[in-house]
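A short worksheet on the structure shown next.
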There are 2 protein chains.
Amino acid sequence: MPSALILIANGTEEMEFTIPYDTLVRAGIDCTSAFVPSESEVGLAYAGGWGINDVTVTCSRGVRIVADTTLEALLAEPTPKVYDIVIVPGGAKGAETLSQSVQVQRLITDQYSAGKLVGMICAGSLAAKTSKLPSQPLTSHPSVKKDLESSFEYKEDSVVVSGSLITSRGPGTAFPFAFKIVELLCGEAKVKEVRSPMIFPAGVF
Amino acid sequence: MPSALILIANGTEEMEFTIPYDTLVRAGIDCTSAFVPSESEVGLAYAGGWGINDVTVTCSRGVRIVADTTLEALLAEPTPKVYDIVIVPGGAKGAETLSQSVQVQRLITDQYSAGKLVGMICAGSLAAKTSKLPSQPLTSHPSVKKDLESSFEYKEDSVVVSGSLITSRGPGTAFPFAFKIVELLCGEAKVKEVRSPMIFPAGVF
């Protein structure tokens, strides 16, 4: 069973987290969400061990989501699991936390160097820059285009696949982003199988 | 500021909850999510008062969402607030809990009788039947069509507006469902304003 690690922070865009998570689970991909604290939150969650309150994130529009674990806990395991894909959702504040985290940067660099997939959507694409991925085709939410266009071959397609880096634009492209990941991990037949019961209007996605 | 009450239960489809909640908040609608326990859960959450653990729902594909409050708490207020729309998401198990809840049935009956909007998506449309709404045009996820077609004028459009009842089909129609609600509560100009930064592919929704 393929596996996915989906990062989440306070301020993550809840649709850009939930649509990939849910769609990948429908495809039979084992999904794990991992909370990443902002610099000012580091240490707070660990003062007394961590529980449900510590991994509860308030997303960009107020939906509160409980992460499955923390990135720190995953990395502290004797042999940290290598996932088939690591996904960075957007949401301005959440993407800032994720892209500025040294742990996230190291995770992405390791994942990318190992030839494993990395997915970034919306402002989450900022993590490609902070992780110093090589210049290549990439997209993002238009609001962070200026931060990325000098370091990458900036595109405006809904989903851009460049080797093992998959990037996308916003909540409106979250479904095609998720379907592309399913296609890469499980094949095109699985995309059709997953998409059908979701009942998209004719001709959409 | 218009207001929306979005119901949630264990087994609710997380995309059908999150997409309307997030999109309505983007439109400036004040959203409140309220947990509804299943029959076997009733009483458990209240044994010692309720806290974050009691209102944490495990959705249909494993995303855990913390509701803003409980329906019981809202109804226990001296003068329960009347929302501009009450929304029932799908997800087989969640929709069963919501549609079978006597409190939900009463809420929907009162909301509908007062001429206020009621939104139902996917298997959430079962609540139209259990709340004994009058026969009228309606849609749902195809999996529950057989339960609804003898009581309603069953349609297969992505979104069906029948007076104050708005119904829709599945995760793939959750965006147009949310946009229709924004249009009805805030006008068409607001839909355009909200949709633009979501970056849908050209021609989609």
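Of the residues that make up region B:154-176, is at least one among the aromatic types (Phe, Trp, Tyr), at pLDDT 95 or above and in contact with a strand residue (DSSP E or B) (Cβ under 6 Å, 6 or more places away or on another chain)? Let's see the steps before the verdict.
Within region B:154-176, the first condition is being among the aromatic types (Phe, Trp, Tyr), and the residues that meet it are B:154, B:175.
Add one more test, that the residue is at pLDDT 95 or above, and what stays is B:154, B:175.
Cutting the leftovers down to in contact with a strand residue (DSSP E or B) (Cβ under 6 Å, 6 or more places away or on another chain) gives us none.
No - not one qualifying residue is present in region B:154-176.
Is it the case that region A:63-71 has a residue that's in a loop (DSSP other than H, G, I, E, B) and open to solvent by 10 Å² or more (accessible area, probe 1.4 Å)? Reasoning before the result, please.
Applying the first criterion (in a loop (DSSP other than H, G, I, E, B)) to region A:63-71 yields A:63, A:67-68.
So of that shortlist, the ones also open to solvent by 10 Å² or more (accessible area, probe 1.4 Å) come out as A:68.
Within region A:63-71, one or more residues are in a loop (DSSP other than H, G, I, E, B) and open to solvent by 10 Å² or more (accessible area, probe 1.4 Å).
Only one residue in A:PRO2, A:PRO89 is in contact (Cβ under 8 Å) with a residue 24 or more places away in the chain and surrounded by 23 or more Cβ atoms within 10 Å (Cβ to Cβ), so which one is that? Working first, answer last.
Values: A:PRO2 fails: surrounded by 23 or more Cβ atoms within 10 Å (Cβ to Cβ).
Every option except A:PRO89 fails the conditions.
Just give me the residues in region A:11-43 being buried (at least 23 other Cβ atoms within 10 Å of the Cβ), within 23 Å of B:PRO20 (Cβ to Cβ) and not hydroxyl-bearing (Ser, Thr, Tyr), in sequence order.
A:GLU13, A:GLU14, A:MET15, A:GLU16, A:PHE17, A:ILE19, A:PRO20, A:ASP22, A:LEU24, A:CYS31
Rundown of residues vs (1) surrounded by fewer than 21 Cβ atoms within 10 Å (Cβ to Cβ); (2) over 14 Å from the mean Cα position of the chain (by Cα), yes/no style:
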residue: B:LEU148; (1), (2): yes, yes
residue: B:LYS155; (1), (2): yes, yes
residue: B:VAL160; (1), (2): no, yes
residue: B:PHE175; (1), (2): no, no
residue: B:ALA178; (1), (2): no, no
residue: B:ILE181; (1), (2): no, no
residue: B:ALA189; (1), (2): yes, yes
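With the requirement that a residue be in a loop (DSSP other than H, G, I, E, B) and away from chain B (no Cβ under 13 Å), what does region A:12-44 give you?
From region A:12-44, those in a loop (DSSP other than H, G, I, E, B) are A:12-13, A:27-29, A:36-43; that's our starting set.
Scanning region A:12-44 gives A:VAL36, A:PRO37, A:SER38, A:GLU39, A:SER40, A:GLU41, A:VAL42, A:GLY43.
Identify, please: which residue in region A:106-117 is among the hydrophobic types (A, V, I, L, M, F, W, C) and surrounded by fewer than 24 Cβ atoms within 10 Å (Cβ to Cβ) and is, among those, farthest from A:PHE17 (Cα to Cα)? Spell out how you get there, then give the answer.
Within region A:106-117, the first condition is being among the hydrophobic types (A, V, I, L, M, F, W, C), and the residues that meet it are A:107-108, A:114, A:117.
Now narrow it down to the ones that are surrounded by fewer than 24 Cβ atoms within 10 Å (Cβ to Cβ): A:114, A:117.
Working: A:ALA114: 24, A:LEU117: 17 Å.
Checked region A:106-117; the qualifying residue farthest from A:PHE17 (Cα to Cα) is A:ALA114.
The values are calculated or read from the model by the stated rules, or taken from the named source; none is laboratory data. Everything numeric here is computed off the predicted structure, so don't read it as measured data. For neighbour counting, all protein chains shown are included, and Cβ atoms are generated from backbone atoms with ideal geometry for every residue, glycine included. We work out accessible area using only protein heavy atoms, side chains counted, and drop any ligands, DNA or RNA first. Shrake-Rupley method; radii C 1.70, N 1.55, O 1.52, S 1.80 Å.
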